[in-house]
Each structure stands twice: as C-alpha cells, then as structure tokens.
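What follows is calculated from the coordinates using simple rules that are stated; it is not laboratory data. Worth saying up front: this structure is predicted, and the values here are computed from it rather than measured. Cβ sites come from the backbone with ideal geometry, for glycine too, and all protein chains shown count toward neighbours.
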Amino acid sequence: MSEAARSLLQRWGASFRKGTDFDSWGQLVEATDEYQILARHLQKEAQSQPNNSEFTEDQKKTLGKIATCLELRSAALQSTQSQEEFKLEDLKKLEPILKNIFTYNKEFPFDVQPVPPRKILAPGEEEDLEFEEDEEEGGAGAGSPDTFSARVPGTLLPQLPSEPGMTLLTIKIEKIGLKDAGQCIDPYITVSVKDLNGIDLTPVQDTPVATRKEDTYIHFCVDIEIQRHVEKLTKGAAIFFEFKHYKPKKRFTSTKCFAFMEMDEIKPGPMVIELYKKPTDFKRKKLQLLTKKPLYLHLHQTLHKE
C-alpha cells in the first residue's frame, strides 16, 4: 500500500468514525452531513478509471457498496419510520471493511449495489472539462430515439409517515422543455432541498432515467416525496432540480441546467418554473436564465395533511 493510499484510508476512517460518533450522540444533522460527504468521496473513487486508482475493480465495488450504505443510513436518520431502516449497528460493521479494504476478501454483509459506474461531477466541476454550445445556438438532435432504453433505477425515497397537523409534499416531475431534448442521453433529475447557505436539509434524490422524449420535451412522470414536513423547512429554503445527462465522448454525467422553487411557491396544483444556466447556484446569488425561449420544468404539487 502506498503512502497516498494509506493517507486516503486514514481520512476516510476518520470521517466514518466522526459520522458514527455524531450518530451515537444523537446529533443527526451533523451525522447525515458527514455520511453524505464520505459517500460522495467513496462513490468518486469507485467510479474512477483504472489508471487513476490504486484500488482493484472488486475493491472499488466494495467502496461503492459502503457508499450506498452510508446513503441508506443518512436517509434513515431523516425518517421517522422505524421499519426497514439501516441501523447504526449495521453501519458500524462496515468500518473494519473500509479500514482493511486492500485485504478484505469476504462477501459483503448487506445486499446492496453501488451506484451505476459513471463519473458524476459536482456542479461547476464539468466547466473545466468541456465547452457546451449556448442554448441560443444550434439545433436539436435529429434521428434520436423516442424512448431511452437504458434505465437507471434512481434513488427515490418513500413518503414519510404522517404526523397530526403536519404537511407532506409530493412533487410530480412531469416534463422538461429543452431545444435539444433529442440529444440528451440517459437524462435524469437530481432533487435536493437546501437552506440559504446551500446546505442539504433532506437526503438528495435522483429520479430514474426519463421515460421518453417528444419534440422539445423530455418526460419523467415521477413523484418525488420531500423528506421533511413543510412546517419543518427552514425560512428561505428552496427545492432544487438539477437536470443531468450522460456525455459519451467525455464519459461523465454532466449537469446541463437547473431550476428551483421557493417556500412561497408550495401550493397544490400544476406549476412551471424557469431553467437556469449551470453551475448550480444553491445560494441563488448569480442566476442566469438558460434561454429566452419559453421552455420550463413542469411540475405538479400535492399536499398531504392529516
């Protein structure tokens, strides 16, 4: 094991212990943040190219599975549902596996799968790797298939249990309008709820790959269950929708554009929201519309109150 690999494992181990300590102490928000950060580091390593990693493909699969378990524990901390959640004692079983990843050769203790093996870049990171044609230029991809054959399962979470006097929000993502809809490969949308500082208030969810495209629209028709009661969302929070698609020439998944809705826009019924240029601005300070054309993200909101 090289010194670089040893240092990396030490950092991951320290982050793992920090998260489980927060978890044991009942500091759930801090534990969730630590788990999600570590999960993304492990996912990035699991999806790295062979010549850029000291880990074998089997070891990277194990890292990806550990990342999945971290996400499951993070989601469990956000839910009041007691059944079928990933418990802290389950997660602690993975620390020795992470610490001894180079010598671990047993069957993984949980039936989980790593995220699909594609490089997923953080908002803005892809700006250094590619130049995308401005939305006002160029045309749609003629001859593209009307359906998307590859199916990504997504990471959608179930609805939270109801609480007296509390409101749950379901957002159906119906479709998104893009001039080059036909060129988008395996498109999906990442949904997150952020506070004014861009900090996650709920687990991040990915939709499955879109069901079909039609003219300038990509159709999703999928329900997103917001993982916090509306009354418990902090003032100034917003729900973000990042549209992502796969770029085969670059071999990574790129954020193309994003949209968001603020708390005063939570109301039952259909709505359309504007699309903005990447990188995703979670603090909503420097927003630039994607296009002057009348193309939007189409949603439908349903409020559930006991």
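From most to least packed by mean Cβ count within 10 Å, the peptides 32-45, 292-305 give 32-45, 292-305. Mind giving me the nanometre distance, one decimal, between the label points for Leu303 and Asp111, set 7 Å out from Cα along Cα→Cβ? Label-label distance for Leu303 and Asp111, simple model: 4.1 nm. Here the Karplus relation 6.51 cos²θ - 1.76 cosθ + 1.60, evaluated at θ = phi - 60°, turns the backbone of segment 206-212 into coupling constants of 10, 6, x, 4, 3, 7, 6 Hz, with x for every Gly and Pro. The length gained on full extension between Gln288 and Lys18, counted as 0.36 nm times the residue separation minus their Cα-Cα distance, comes to 93.4 nm. When each of the peptides 200-211, 156-167, 11-22 is scored by the mean number of other C-beta atoms lying within 10 Å of its residues, the order from highest to lowest reads 200-211, 11-22, 156-167. Here the scattering of segment 165-306 is modelled by Debye summation over its C-alpha atoms, one equal scatterer each and no solvent; at q = 0.12, 0.14 Å⁻¹ the log10 of I(q)/I(0) is -0.47, -0.64. Starting from segment 179-269, pick out the trypsin sites (Lys or Arg not before Pro) whose DSSP state is loop and whose Cβ has at most 12 other Cβ atoms within 10 Å. Here the sparse-neighbourhood loop sites are Lys235, Lys249, Arg251. Measure up Lys61/Lys179; Lys61/Lys244; Lys172/Lys286; Lys61/Lys293 against 32 Å on the Cα-Cα distance and list the ones that go over. Over 32 Å apart, Cα to Cα: Lys61/Lys179; Lys61/Lys293. For segment 1-58, taking Cα atoms only, Rg and Dmax work out to 13.3, 41 Å respectively.
Put a dot 7 Å past the Cα of Tyr104, heading toward its Cβ, do the same for Glu214, and the two dots end up 4.6 nm apart.
To the nearest whole percent, what portion of all C-alpha pairs in segment 247-306 is separated by more than 20 angstrom? Cα-Cα pairs of segment 247-306 separated by over 20 Å account for 43 percent.
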